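This report refers to the structure that appears directly beneath it.
The values are calculated or read from the model by the stated rules, or taken from the named source; none is laboratory data. Not measured: the values here are computed from a predicted model. Note that we place each Cβ from the backbone using ideal geometry, even for glycine, and neighbour counts take in every protein chain shown. Each accessible area value is taken on the protein alone, full model and side chains, heavy atoms only, with ligands, DNA and RNA left out. Shrake-Rupley method; radii C 1.70, N 1.55, O 1.52, S 1.80 Å.
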Amino acid sequence: MEKMSRTKIVDLLKREDFGAMVNVKGWVRTRRGSKQVNFIALNDGSTINNVQVVVDLGNFDEEMLKDITTGACLSVNGTLTESVGSGQKAEVQAREIEVLGTCDNTYPLQKKGHSMEFLREIAHLRPRTNTFGAIFRIRHNMAMAIHNFFHDRGFFYFHTPIITGSDCEGAGQMFQVTTKNLYDLKKDESGSITYDDDFFGKQTSLTVSGQLEGELAATALGMIYTFGPTFRAENSNTPRHLAEFWMIEPEVAFNDITDNMDLAEDFIKYCVQWALNNCADDVKFLNDMFDKGLIERLQSVLKDSFVRLPYTDGIKVLEEAVAKGHKFEFPVYWGVDLASEHERYLVEEHFKRPVILTDYPKEIKAFYMKQNEDGKTVRAMDVLFPKIGEIIGGSERESDYSKLVSRIEELDIPMKDMWWYLDTRKFGTCPHSGFGLGFERLLLFVTGMTNIRDVIPFPRTPHNAEF
Ligand code: 4AD
Ligand code: MG
């Protein structure tokens, strides 16, 4: 077969120079037709759209034609022609076909309409479906949107460690990292495991958040963000939790909580607008196939400003709802850590737009948050979104050295692990704020998917680390 340079299908479908010779490569989605002419829908992952390859069977070797089955990989040289009925402007009239890879009838994606559950079991092949192709193209685009947003505003991308000796959120949900022989653990006289002979000479884990190191950077470079994988060994088998997820954490010196809320709102709106502008075909596909309200929901969060409301007032709204007969699965009272049903009630039923809830009880938030005058609440802010609940968690940070130390003591956090963090408050402390956006939660919102396992290529959840 004559060697020609490949045209990606996304580019080919935009061309109008009919008559030109082109080469396309991709995987067969469907093949149909008559005894004389066949139509092959070919997809190369560059776009949700297939190119139609028209094959006059008489011009080709019969044995080769038998290998053109669903899932097979082809290279086609042919003429770009104007299409009459395939839904696209351009198609390819095949001149030469090479089967790069055959695909027999054990290929699990022959028929359409598999359940999402089944597709999770074949996560190694699901990127070849329309749905997952769309989701992973959008995932890429959202990552680019995030870097653009921060780069354009003068933030520096700062890399925080994945292996760490501290528990940022203090929730004890860390995966331990060790090279110790677990079958033969060395212990001291009191029976506790010793770590001096472990790889790092101390107990280490996978990070739950890059924030603490992010704060070191913000109090030096001014405005930074992290974007990396984080790990949580929380045994919550929900459609919104992963054991391995990606988080974006901006941290800004001199920002107070209001600046922090402004940044969070601008940021998330920028990402949603980016999806509408740059992923139109994929978003439309997901809208039409899964969630007829998707595009409307994306547009609607851009329209209104987010409600900003203290936690205490949010609890009042929920208590009023209960008084009027609304049934929640979990109880509502001041001090409760809100469940997703509560968050969604505020957003979807009561305010009908995103809500930023602030000033939470200190007992349900992490040690580093700035303490309010009332002695009861901290300057936290959670952004709550329709269909998702919490999409962002953040706060203004406690910048006062002695207040921070007393909170660390109250919570029994080992001070010896925190000396470097406390140094920021000792040497030129400053007000500063930041937040964390769960990347997969953003993707749930933008794609309309309902299970977080379907917006990351290879989900890690309790009892599942396949692939
Ligand atoms: O609210 P979280 O725990 O906040 C932090 O980790 C802070 N250190 C962030 C900061 O201020 N720099 O987590 C932040 C966000 C949540 O709002 C949620 O979107 C996401 O991370 N998240 C998860 N996403 C998927 N699976 C999980 N298990 C998640 N836990 C949190
Ligand atoms: Mg949170």
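The gain in end-to-end length when the Asp188 to Ile122 segment is fully stretched comes to 19.2 nm, 0.36 nm per residue minus the alpha carbon separation.
Candidates Trp420, His140, Ala339 compared by Cα position along the dipole of the chain: farthest toward the positive end lies His140, with charges placed on Cβ.
Take the Cα of Asp152, step 7 Å toward its Cβ, do the same at Lys66, and the gap between the two points is 5.7 nm.
Note on the chain: with neighbouring protein chains present and a 1.4 Å probe, carbon and sulfur make up 51 percent of its accessible heavy-atom surface. Summing charges over all other residues whose Cβ lies under 13 Å from the Cβ of Val37, with Lys and Arg as +1 and Asp and Glu as -1, gives +1. Computed with a 1.4 Å probe over protein heavy atoms only, the accessible area of Val355 comes to about 0 Å².
Among 302-310, 427-435, sorting by the average number of other beta carbon atoms lying within 10 angstrom of each residue, highest first, gives 427-435, 302-310. At a probe radius of 1.4 angstrom, the accessible area of segment 229-328 per residue rounds to 47 square angstrom. Length available on full extension from Phe328 to Trp419: 0.36 nm per residue minus the Cα-Cα distance, which gives 28.5 nm.
In this structure segment 1-134 gives 53 Å² per residue of accessible area when probed at 1.4 Å with all protein chains present. In this simple spin-label model, placing a label point 7 Å from the Cα along the Cα-to-Cβ direction at both Asp304 and Arg95 gives a separation of 5.9 nm. With 23 Å as the limit, write out which pairs from Lys376/Lys426; Lys316/Lys352; Lys316/Lys376 have Cα-Cα distances beyond it, or answer none. Beyond 23 Å between Cα atoms: Lys376/Lys426. Using Cβ point charges alone (K and R +1, D and E -1), the dipole size of segment 74-219 about the Cα centre works out to roughly 740 debye. Classify segment 292-450 from the C-alpha gyration tensor, please: rounded if a/c falls under 1.5, else prolate or oblate depending on whether a/b exceeds b/c. Since a/c reaches 1.5 and a/b is larger than b/c, the shape of segment 292-450 is classed as prolate.
Calculated mean residue ellipticity, 222 nm, the chain: -8500 deg cm²/dmol, from DSSP H runs (n ≥ 4) at -39500 (n - 2.57) each, averaged per residue and rounded to 500.
Taking all protein chains together and rolling a 1.4 Å probe, His241 ends up with roughly 50 Å² accessible. Extension gain for the segment Lys202 to Thr238, taken as residue separation times 0.36 nm less the Cα-Cα distance, is 9.7 nm to one decimal.
Packing, taken as the mean count of other beta carbons within 10 Å per residue, orders the peptides 437-443, 94-100 from highest to lowest as 437-443, 94-100. A cut-off under 12 angstrom between Cβ atoms defines the neighbours of Gly26, and their net charge, with Lys, Arg +1 and Asp, Glu -1, is +4.
Per-residue accessible area (protein heavy atoms, 1.4 Å probe) orders Ser205, Ser402 as Ser402, Ser205, starting from the largest.
Tell me which GluC sites (Glu not before Pro) from segment 106-190 have a DSSP coil assignment and no more than 12 other beta carbons within 10 Å of their own. In loop regions of segment 106-190 (DSSP not H, G, I, E or B), the sparsely surrounded GluC sites (Glu not before Pro) are Glu189. Averaged per residue, segment 419-459 has 30 square angstrom of accessible surface, using a 1.4 angstrom probe with ligands and nucleic acids left out. Structural descriptor for the chain: relative contact order 13 percent, calculated from alpha carbon pairs under 8 angstrom and at least 6 residues apart. The equivalent ellipsoid of the chain has semi-axes of 49, 27, 21 Å, largest first, where each one is the square root of 5 times an eigenvalue of the Cα gyration tensor.
Here the simple spin-label model places points 7 Å from the Cα toward Cβ, and for Asp291 and Phe39 these points are separated by 3.2 nm.
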